[in-house]
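The values are calculated or read from the model by the stated rules, or taken from the named source; none is laboratory data. Keep in mind that what you see is a predicted model, and the values were worked out from it rather than measured. Note that each Cβ is placed from the backbone with ideal geometry, even for glycine, and that neighbours are counted across all protein chains shown. Heavy atoms of the whole protein, side chains included, go into the accessibility calculation; ligands, DNA and RNA do not. Shrake-Rupley method; radii C 1.70, N 1.55, O 1.52, S 1.80 Å.
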Amino acid sequence: MSSHGFGHATRVSAIIQQISKKFTSLEVIIVGESPLWFWQINMPSNCVFYLHEQVTDVGLVQIDPFTHDLSLTLKKVDKLISILSNPPKGLVEKVANFQPHFILCDISLLGIKVGGILGVPSILVENFTWDWIYEPLKSERKDFKRVIHIFKEIYKRASRRIQCTPVCQEIDGVTKINPVCREPTVDRDSLFSKLSLGQENKYIVVTTGGISMHYAFDKVPEPYFLVVPGEYPKIIISNGVIYLPMNSDIPFPDIINFASCVVGKAGYGTVSECWGMNVPFLGVFRQNFRESDILRNFCLKNLISEEITPSHFMSGAWLKSFSDLIDEANSKDSTIRQNGATQACEEILRYIFPK
């Protein structure tokens with residue numbers, strides 16, 4: 001899967017979690033650059049997995065959570081195209097020896113290429129593909145035109161395609177499913193105990209999609225705390241802020257599930273989990289990133305959500321207004337929603353094991 005942020009890895013893990021419910025056990029090879037700790041805390045207990053570290057994707061090279069570098073992106077994309085032209089022999093042999101039933105590709109092209117070489121079905125799961133993201137960038141860097149053509153041709157070779165809401169470019173005849181999100185696993189008492197919170201407390205999650213940043217937040221008003229995931233050595237609580245290691249044993253979906261509000265970068269994983277758990281969202285939408293308009297419209301129509309600017313987010317100015325969004329959420333009935341991960345699981349198993 002793509003290692004562009006954590007959204008693609010969370011989507012894959014959510015689908016694997018659902019597939020695992022249909023079998024006594026699973027064996028999975030994870031190919032990508034997402035860290036080992038992510039899979040250790042997101043894989044189901046009946047799943048044996050092996051991590052094969054490999055560049056599978058470039059996406060857009062990020063300078064920080066909200067901006068990217070097109071020149072560096074193109075340099076890395078050229079290296080990726082070389083890999084796609086001649087996939088690593090060691091990877092191809094490992095997959096061949098493993099004899100998988102299928103290869104699940106979350107917008108990474110390498111899985112489609114390996115599947116084609118070995119005659120193994122490849123299933124592409126996406127709400128966008130990189131050729132679509134790169135399309136408007138041709139006016140800034142003409143080399144994207146060449147890249148778009150190469151990528152489009154590879155994506156067409158996927159054995160099966162599943163599009164996840166919110167879909168950026170609908171393809172006729174392709175299965176559409178709800179947003180894909182991981183499911184919560186623990187109860188409120190257990191979670192609050194791990195966060196050293198009392199039952200009278202509440203908290204807000206502040207996230208930049210797995211990219212750590214420094215913030216200028218004032219103390220959050222009682223009874224609220226801020227939960228800020230990042231690259232911290234341990235849980236640190238200071239001045240009403242809980243700094244939480246990203247590799248902690250507290251599953252992120254559980255943190256989202258019991259949050260009063262989520263604030264931060266609007267990526268697919270964060271948006272889909274707020275949708276799935278009916279949690280209000282104050283979102284920062286990246287400029288010059290084509291998916292952002294799709295996510296923004298989805299949030300406005302399907303979540304209790306407001307948009308804030310990057311400066312509004314970084315300065316903590318939103319702390320003066322977040323309570324209105326929470327009040328709006330509390331005044332509405334929760335909606336029961338079908339997780340797209342269960343739909344993806346059903347579609348995959350129907351295809352791989354037809355009756």
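Scanning segment 277-297 for residues that are open to solvent by 30 Å² or more (accessible area, probe 1.4 Å) and either touching a Cys at 6+ places or on another chain (Cβ under 7 Å) or not acidic (Asp, Glu) (or both) yields Asn278, Gln287, Asn288, Arg290, Ile294, Arg296, Asn297. Annotation: Lys355 fulfils all but one of (1) without any contact (Cβ under 8 Å) to a residue 12 or more places away in the chain; (2) under 22 Å from Gly264 (Cβ atoms); the unmet one is (2). Residues of segment 117-173 that are of a type in the set (S, T, N, Q) and within 19 Å of the chain's Cα centre (by Cα): Asn127, Thr129, Gln163, Thr165, Gln169.
Say whether the condition of being under 22 Å from Thr10 (Cβ atoms) and of a type in the set (D, E, K, R) is met by at least one residue in segment 338-353.
Filtering segment 338-353 down to residues under 22 Å from Thr10 (Cβ atoms) leaves 338-349.
When the remaining residues are screened for being of a type in the set (D, E, K, R), the result is 346-347.
Yes, because at least one residue in segment 338-353 is under 22 Å from Thr10 (Cβ atoms) and of a type in the set (D, E, K, R).
Close contacts from segment 163-175, counting a first residue that is in contact (Cβ under 8 Å) with a residue 12 or more places away in the chain and a second that is open to solvent by 40 Å² or more (accessible area, probe 1.4 Å), with Cβ to Cβ under 6 Å and a gap of 6+ residues or different chains, come to Gln163/Lys176; Thr165/Asn178; Pro166/Ile294; Cys168/Ile294; Val174/Arg161. Scan Ile242, Ile250, Ile236, Ile256 and give me the residue that is of a type outside the set (Gly, Ala, Ser), without any contact (Cβ under 8 Å) to a residue 12 or more places away in the chain and more than 30 Å from Leu137 (Cα to Cα). Only one candidate qualifies: Ile236. Examine segment 174-189 for a residue that is at pLDDT 95 or above, in contact with a Ser or Thr (Cβ under 9 Å, 6 or more places away or on another chain), under 21 Å from Val271 (Cβ atoms) and not in a loop (DSSP other than H, G, I, E, B), and state whether such a residue exists. For segment 174-189, residues at pLDDT 95 or above, in contact with a Ser or Thr (Cβ under 9 Å, 6 or more places away or on another chain), under 21 Å from Val271 (Cβ atoms) and not in a loop (DSSP other than H, G, I, E, B): present. A Cβ distance below 8 Å, combined with a sequence gap of six or more or placement on separate chains, defines the contacts here; from segment 333-348, residues that are charged (D, E, K, R) reach residues that are surrounded by 15 or more Cβ atoms within 10 Å (Cβ to Cβ) and part of a helix (DSSP H, G or I) in the pairs Arg337/Trp275; Arg337/Gly276.
Figure legend. Inter-residue proximity from segment 123-142: first residues open to solvent by 20 Å² or more (accessible area, probe 1.4 Å), second residues among the hydrophobic types (A, V, I, L, M, F, W, C), beta-carbon distance below 7 Å, spacing 6+ or different chains. Indicated pairs: Trp132/Cys168; Glu135/Ile148; Lys138/Phe144; Glu140/Leu70; Arg141/Leu70; Arg141/Leu74.
Please verify whether segment 197-208 includes one or more residues that are open to solvent by 80 Å² or more (accessible area, probe 1.4 Å), at pLDDT below 95 and under 22 Å from the mean Cα position of the chain (by Cα). Within segment 197-208, not a single residue is open to solvent by 80 Å² or more (accessible area, probe 1.4 Å), at pLDDT below 95 and under 22 Å from the mean Cα position of the chain (by Cα).
Only one of Arg157, Arg146 is open to solvent by 20 Å² or more (accessible area, probe 1.4 Å), over 30 Å from Cys274 (Cα atoms) and free of Cβ contacts under 8 Å to residues at least 40 places away in the same chain; which?
After applying the criteria, what remains is Arg146.
The set of residues in segment 161-179 being of a type in the set (S, T, N, Q), surrounded by fewer than 21 Cβ atoms within 10 Å (Cβ to Cβ) and either over 18 Å from Ile336 (Cα atoms) or in contact with a Leu (Cβ under 9 Å, 6 or more places away or on another chain) (or both) consists of Gln169, Thr175.
Residues in segment 105-122 that are open to solvent by 40 Å² or more (accessible area, probe 1.4 Å) and hydrophobic (A, V, I, L, M, F, W, C): Ile117, Leu118. Within segment 303-318, the residues that satisfy the criterion of being open to solvent by 20 Å² or more (accessible area, probe 1.4 Å), touching a residue at least 40 places away in the same chain (Cβ under 8 Å) and out of contact with any strand residue (DSSP E or B) (no Cβ under 8 Å at 6 or more places or on another chain) are Met314, Ser315.
Checking Arg337, Arg350 one by one, the residue that is under 20 Å from Cys164 (Cα atoms), at pLDDT below 90 and loosely packed, with under 15 Cβ neighbours inside 10 Å is Arg337 and no other.
Listed by first and then second residue, the pairs with beta-carbon distance under 7 Å, at least 6 apart or on different chains, first residue in segment 193-207 and among the β-branched types (Val, Ile, Thr), second assigned to a strand (DSSP E or B) and surrounded by fewer than 20 Cβ atoms within 10 Å (Cβ to Cβ), are Ile204/Tyr224. Suppose the filter is under 29 Å from Ile16 (Cβ atoms), open to solvent by 50 Å² or more (accessible area, probe 1.4 Å), in contact (Cβ under 8 Å) with a residue 12 or more places away in the chain and touching a Gly at 6+ places or on another chain (Cβ under 9 Å); does Glu231 pass it? Criteria not met by Glu231.
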